[in-house]
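Report on the following structure.
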């Protein structure tokens, strides 16, 4: 069983990362992964070193485990459907002489490995930070390494259970895809809101001045956020072997129970998800006509909303943006600052708000994957009498229709709630729109240059392809760097900088668009 | 209607899939393109319809070059691949409407044609369902209707009879005859020699990317069957 499981996992991972993607696409993807990993690792080390410097190093184990687990949970919920369920080669795999449990284990392990990579990138530097400040004994190293390896099991399993429950519930309905999308986004939003809420402190906590007491309060928040962190923390700090083995048993036992339970219902769940509610009683009615451009745009919309994996992963930025806008409008900046526990957030927030909106908008860049998602359907666009310009325009137009109205809505909510000057209000609307246009065109360019058509699951394109990584990170950094600069710039300099950015992004979008429409796909 | 002149296609790894192919399909022709697996049929067909780029030779559709005027050529062409991978997230009717929009077919005519071919192929009742719920044959039928929605002057099909039920195969043959009667041309690849022999007024046999024989079916076969002719020419080329 073990050999078959690893063989299946290997094939799946090769399919996700190798494929026929151009060599430079793979290089870009690896470079993007490396860059992000180095950034995360450096940040993690700095956090651990900072905690150590404040004599709060006892917080490091719990913090490291909690933060990786919550992030793993958050992102795995978004991809469980598509990796474990309803993937393209499901029927082929189930026809092989392999146990269902082996198939599930192989799919699960590929998710686990990806999550372990992320966990290691966070926990290894944080562990190094802990070693520097605490000089623990030799027993620390196996505990930390084994704990790190077990860490993704609980959240990955929990996320997969949530995904499985959503599927079990929604598969009874005709519009299962829509329901799956709504529920996945809803649950992910709840995880996000709760993780902010639980880690935040109430007003009384702010009055606690003594650092050590503050550390205790924060530690309490970490334990509330992720209760198993208590066990890991005791194991690392006090070498409490009972806590350590309880943590390991909990992680592995929970996974084994999950494997057994899902094996029992795996086929029926996939059958329910992959068999459709066919009515076969259609009567031809009036057919609405539209221009070729609108037809392509409408097709993009159907593609986006028809695939929960695509909708949830690319739509989550917009959901976060709207949640942020509503929270800001309802609570006001001061209350929100206390709730999310980011000190100083409310000061000068009006200057950076346009860039925060732009950054979240950039997370929903559909153009950086929409061409790859044509996959085996690419022949349709290639053989139809459509010039490439119309194809690109249709895809860009859909991205704009998705992001710009949501950005305007959030800008409107904020403009009504927070007192701002006319200049600030003007740029609160202009900057997100200009950024949305630029990132839509840039995403299109990136996807033309780095396409991936030979996928078996949308996850390989939406979550792991070079174009998706490059598009989303380029977009986010494009907004993040000016955001940081805006915190530094004051008065007239800030205004000149905003005008400069609008002209720059607008100009870049125009020239890139002129170039893009000449490219072949 | 379709003129392929000295067409060659070499893939990136240096393999020459098609070598100096020349043939002409005229209006009213049902032209069968025969060859074993990997002979170069699909490569030729994909290049004709603009799915594949090529560097050597020229392909003209209705007198226009597919390389220089691709949109004009595609406006009068319809293509159905061997595996009808069509948009699974759309319903059958939405896919057909999308194709109608791209070819700018007026709503009334579009509806009439969908109704006509939908009924002929017995799929109208399922057009409201998602394509992901369709069998291979049903997808093939929807792809076929989409190819007929704009009444193409040239229809290019890659193994069109694979996956179709017997009744749908007969319907397709009738549609092909009807189209050619109206002045259109059909160019299709097939492995089924009996079908080619009965249906095609012209055939071409391709082996290892090179055209071995082409011309009118009756003249080429004479008193023998197409099967015998095929085996003879394939053996001679060894």
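Values quoted throughout were computed directly from the atomic coordinates according to the rules given, and no laboratory measurement underlies them. If you're wondering where the values come from, they're calculated on a predicted model, not measured in any experiment. Quick reminder, even Gly has a Cβ in these numbers, built from the backbone with ideal geometry, and neighbours come from all protein chains shown.
Side notes on the structure shown:
- Packing-based ranking, highest mean first, of B:158-165, A:285-292, A:478-485 given that Cβ atoms within 10 Å are counted: B:158-165, A:478-485, A:285-292
- Separation between Cα centres of the stretch A:446-521 and the stretch B:203-222, rounded to whole Å: 54
- A straight line joining the Cα centroids of the stretch A:89-146 and the stretch B:142-187 runs 54 Å.
- Number of partner chain Cβ atoms within 10 Å, mean per residue of B:128-138: 3
- Counting Cβ atoms of other protein chains within 10 Å of each Cβ in B:89-95 and taking the mean gives 4.
- Inter-chain Cβ neighbour average for residues B:47-57, partner chain, 10 Å: 2
- Chain A, relative contact order [Cα under 8 Å, separation at least 6], %: 21
- Ordering of B:37-46, A:414-423 by burial proxy (mean other Cβ atoms within 10 Å per residue, highest first): B:37-46, A:414-423
- Gyration tensor verdict on chain A (Cα atoms; rounded if a/c is under 1.5, prolate if a/b is larger than b/c, oblate otherwise): oblate
- Label-point separation in nm, residue B:112 to residue A:301, each point 7 Å along Cα→Cβ: 3.0
- Rounded to 5, the percent of DSSP beta bridges in chain B classed as antiparallel: 55
- Compactness relative to 2.2 N^0.38 Å, alpha carbon Rg of the stretch A:292-516: 1.05
- In the protein assembly as shown, the DSSP beta bridges split such that about 50 percent are antiparallel, to the nearest 5.
- Relative contact order (%) - the stretch A:292-516, alpha-carbon pairs under 8 angstrom, separation at least six: 31
- Protection proxy ranking for A:308-316, A:513-521, B:123-131, using the average of other Cβ atoms within 10 Å per residue and placing the highest first: A:308-316, B:123-131, A:513-521.
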